[in-house]
Structure formats: C-alpha cells, structure tokens
1. Condition check: of a type in the set (D, E, K, R), under 22 Å from Arg25 (Cα atoms) and without any contact (Cβ under 8 Å) to a residue 12 or more places away in the chain. Does Arg38 satisfy that?
2. Can Ile39 be described as open to solvent by less than 30 Å² (accessible area, probe 1.4 Å) and out of contact with any helix residue (DSSP H, G or I) (no Cβ under 9 Å at 6 or more places or on another chain)?
3. Take the range 11-34 and flag every residue that is open to solvent by 20 Å² or more (accessible area, probe 1.4 Å) and assigned to a strand (DSSP E or B).
4. Looking at Gly36, Gly95, Gly27 in this structure, which one is of a type outside the set (A, V, I, L, M) and farther than 14 Å from Asn2 by Cα?
Amino acid sequence: MNDAFNNTVISRYPDGGWVKHWFNRDGTYSAEFSDGRRIRATWRVEGERVCLNGIRPSLMMISRFCSPLIEADLGDTWPSRDPLGRRVQNVLAPGR
C-alpha cells in the first residue's frame with residue numbers, strides 16, 4: 001500500500017469511463033468518477049485483500065467492497081473488477 005499513498009490508482013473502463021482512487025495512511029479513502037460523483041470510505045487490509053468499509057454514499061446499495069491486494073510500482077497496470085463485477089484496467093499513476 002505504501003506506493004498508493006501520495007499517488008492515484010486509476011480504474012479505466014472499456015467505455016472510456018474512469019475512477020480515481022486515493023488511499024491515505026490514516027485509513028481514509030476517497031474516489032472521483034468520470035461523471036463527477038464522489039465517494040468516501042475507510043480502508044483496511046484484510047489478509048490478501050484490501051477492503052473499503054462504510055462507502056458513502058453507498059454504490060447501488062453496496063457499503064463494503066474487497067479486492068485482491070496487488071503489489072504495484074508507479075506505472076504498473078493490472079486487471080480487476082469493480083463492485084458490480086465489471087472489468088477494469090488499473091494503473092498506479094504518480095501524484096494526486
């Protein structure tokens with residue numbers, strides 16, 4: 001998680017949409033969607049997963065979401081899925 005602090009994880013959808021994710025050392029999380037929506041949550045590593053808890057406002061009635069914990073350096077990309085199961089391509093981008 002250390003490389004995620006002070007940087008941005010960007011999830012890109014096949015249709016061109018994106019979500020920018022910001023993880024903070026104090027366990028807080030925020031995100032901005034390409035359509036202007038914003039969410040907040042807390043995050044925690046649970047075993048081999050990183051989990052968002054208390055997502056507000058909730059996404060389609062989803063207030064908790066976990067995904068595999070990935071070790072990534074700046075510029076690395078990896079496939080994943082969003083809370084609704086849609087495919088995304090993530091990248092760890094420099095800066096906020």
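The values are calculated or read from the model by the stated rules, or taken from the named source; none is laboratory data. Predicted model, so just to flag it, every value in this text is computed and none were measured. Using ideal geometry, Cβ is built from the backbone for each residue, glycine included, and neighbour counts are taken over all protein chains shown. Calculation scope for accessible area: heavy atoms of the full protein, side chains included, ligands and nucleic acids excluded. Shrake-Rupley method; radii C 1.70, N 1.55, O 1.52, S 1.80 Å.
1. yes
2. Yes.
3. Matches in the range 11-34: Arg12, Trp18, Lys20, His21, Trp22, Phe23, Thr28, Ser30, Glu32, Phe33.
4. Exactly one residue qualifies, and that residue is Gly36.
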